[in-house]
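Peer 1: Dropping a structure here in structure tokens format, bear with me for questions.
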Amino acid sequence: MTSRTPAAKPPLISNVLAKYIMAITGIVFALFVMVHMYGNLKVYKGPEAFNDYALFLRTLFEPLFPYEGFLWVFRVALLVCLIGHVGCAVLLSSRAKKARGSHKRRGLKGFKSFTARTMPVTGIVLLLFVIFHILDLTAGVGVAPTDFQHGSQAGSFAYENLVASFQRPVVALIYLLAMVILFLHLAHGLWAAVYDFGVTVSEKARSWVILIAGVYALIVMLGNISIPLAVLFGLVK
């Protein structure tokens, strides 16, 4: 009598589900960075407008939520998305590497292929940048400017902290480079997300999605880059 090999259990998270999780969380982050950039551009309206905007975010939905309450709910939601996004990226990457074995992908050329190959690297760099950014302009510790001022319900010092941070050329350069990397990651990520949902079924659709994703990422990059440059050149002070 021949013994049958028991069928392998299907993975808890399939490749298809992992791609959907990455696509959905990626779109969440894409929307967040656009809204975040739009809000940051209020710095050009001056200290009062920018500080009022920062205070508005911390007092949103009061008294239903306490001071910074809604902001913390939003942060936790983003953290959950981040864990899902990074976790599925690691999962898919390890499975792909295992499936390829010693064989390397060949024939990959062009800008889209470059952004695809560098997604893990740009993702890691962006994760490190997010930590740096939180320490610098949210927590105000470690890499933050020495004269960082913590806000309260009485008022915000977001404008003063931003200017103090970007007046340091090295920090401004870090932000500039991070935004270029964000452009690369976001441009390919948006295209991949739409592709995973099966929208890019034709060559024409693929071309339009690549164009829209690139323009979207470019707007985010240029908007964010303009701020440290404006501080360095004394346009915002």
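The values are calculated or read from the model by the stated rules, or taken from the named source; none is laboratory data. For clarity, every value in this text was computed on a predicted model and none was experimentally measured. As a convention, Cβ positions derive from the backbone with ideal geometry for all residues, glycine included, and neighbour counts pool all protein chains shown. What goes into the accessible areas is simple: the full protein's heavy atoms, side chains included, and nothing from ligands, DNA or RNA. Shrake-Rupley method; radii C 1.70, N 1.55, O 1.52, S 1.80 Å.
Peer 1: Quick check on L108: is it assigned to a helix (DSSP H, G or I) and either farther than 20 Å from Y216 by Cβ or at pLDDT 90 or above (or both)?
Peer 2: Numbers: assigned to a helix (DSSP H, G or I): no; either farther than 20 Å from Y216 by Cβ or at pLDDT 90 or above (or both): yes.
Criteria not met by L108.
Peer 1: Criterion first (hydrophobic (A, V, I, L, M, F, W, C), modelled with pLDDT of 95 or more and closer than 19 Å to Y53 by Cα) does F132 satisfy it? Break it down stepwise before answering.
Peer 2: On the way: hydrophobic (A, V, I, L, M, F, W, C): yes; modelled with pLDDT of 95 or more: yes; closer than 19 Å to Y53 by Cα: no.
Spelling it out, it is not the case that F132 is hydrophobic (A, V, I, L, M, F, W, C), modelled with pLDDT of 95 or more and closer than 19 Å to Y53 by Cα.
Peer 1: On the given criteria, is V141 over 20 Å from the mean Cα position of the chain (by Cα) and in a helix (DSSP H, G or I)?
Peer 2: Values: over 20 Å from the mean Cα position of the chain (by Cα): yes; in a helix (DSSP H, G or I): no.
No, not satisfied.
Peer 1: Among all residue pairs at least 6 apart or on different chains, which show Cβ distances below 9 Å where the first residue, located in the range 1-18, is within 16 Å of S93 (Cα to Cα) and surrounded by 10 or more Cβ atoms within 10 Å (Cβ to Cβ) and the second is acidic (D, E) and at pLDDT below 85?
Peer 2: Once the first residue is within 16 Å of S93 (Cα to Cα) and surrounded by 10 or more Cβ atoms within 10 Å (Cβ to Cβ) and sits in the range 1-18, no partner that is acidic (D, E) and at pLDDT below 85 comes close enough.
Peer 1: Right, something else. Run Q153 past the list (1) closer than 21 Å to P228 by Cβ; (2) at pLDDT below 95 and report the number of the one that doesn't hold.
Peer 2: Q153 satisfies all of (1) closer than 21 Å to P228 by Cβ; (2) at pLDDT below 95 except (1).
Peer 1: Test Q167 against the criterion of being under 27 Å from T59 (Cα atoms) and open to solvent by 60 Å² or more (accessible area, probe 1.4 Å), and give yes or no. Step through it out loud before you land on a result.
Peer 2: Working: under 27 Å from T59 (Cα atoms): no; open to solvent by 60 Å² or more (accessible area, probe 1.4 Å): yes.
Judged against the criteria, Q167 is not a match.
Peer 1: Among the residues of the range 224-231, is any within 23 Å of V121 (Cα to Cα), within 20 Å of the chain's Cα centre (by Cα), part of a helix (DSSP H, G or I) and without any contact (Cβ under 8 Å) to a residue 60 or more places away in the chain?
Peer 2: Looking only at the range 224-231, we keep the residues that are within 23 Å of V121 (Cα to Cα), and these are 224-225.
This time we only want the ones that are within 20 Å of the chain's Cα centre (by Cα), so: 224-225.
Now narrow it down to the ones that are part of a helix (DSSP H, G or I): 224-225.
Checking the rest, the ones that are also without any contact (Cβ under 8 Å) to a residue 60 or more places away in the chain come to 225.
Checked against the condition, which is being within 23 Å of V121 (Cα to Cα), within 20 Å of the chain's Cα centre (by Cα), part of a helix (DSSP H, G or I) and without any contact (Cβ under 8 Å) to a residue 60 or more places away in the chain, the range 224-231 yields at least one hit.
Peer 1: A further question follows. For the range 189-209, check the following and say yes or no: at least one residue is within 14 Å of the chain's Cα centre (by Cα), open to solvent by 40 Å² or more (accessible area, probe 1.4 Å) and touching a residue at least 24 places away in the same chain (Cβ under 8 Å).
Peer 2: Looking for residues that are within 14 Å of the chain's Cα centre (by Cα), open to solvent by 40 Å² or more (accessible area, probe 1.4 Å) and touching a residue at least 24 places away in the same chain (Cβ under 8 Å), one finds none in the range 189-209, hence no.
Peer 1: Go through (1) outside any loop (DSSP other than H, G, I, E, B); (2) touching a residue at least 24 places away in the same chain (Cβ under 8 Å); (3) not charged (D, E, K, R) for Y67 and report which single condition fails.
Peer 2: (1)
Peer 1: Would a scan of the range 122-130 turn up a residue that is among the β-branched types (V, I, T), part of a helix (DSSP H, G or I), under 29 Å from Y67 (Cβ atoms) and open to solvent by 30 Å² or more (accessible area, probe 1.4 Å)?
Peer 2: To start, the set of residues in the range 122-130 that are among the β-branched types (V, I, T) comprises 122, 124-125, 130.
Filter once more, so that each one left must be part of a helix (DSSP H, G or I): 122, 124-125, 130.
Still in the list and also under 29 Å from Y67 (Cβ atoms): 130.
Right, trim to open to solvent by 30 Å² or more (accessible area, probe 1.4 Å) and you get 130.
Taking every residue of the range 122-130 in turn, at least one turns out to be among the β-branched types (V, I, T), part of a helix (DSSP H, G or I), under 29 Å from Y67 (Cβ atoms) and open to solvent by 30 Å² or more (accessible area, probe 1.4 Å).
Peer 1: Now a separate question. List, please: which pairs have Cβ atoms under 9 Å, are six or more places apart or on different chains, and start with a residue in the range 160-183 that is more than 17 Å from I134 (Cα to Cα) and in contact (Cβ under 8 Å) with a residue 60 or more places away in the chain and end with one that is open to solvent by less than 70 Å² (accessible area, probe 1.4 Å) and outside any helix (DSSP H, G or I)?
Peer 2: Going by the 9 Å Cβ cut-off, the qualifying pairs are Q167/P145.
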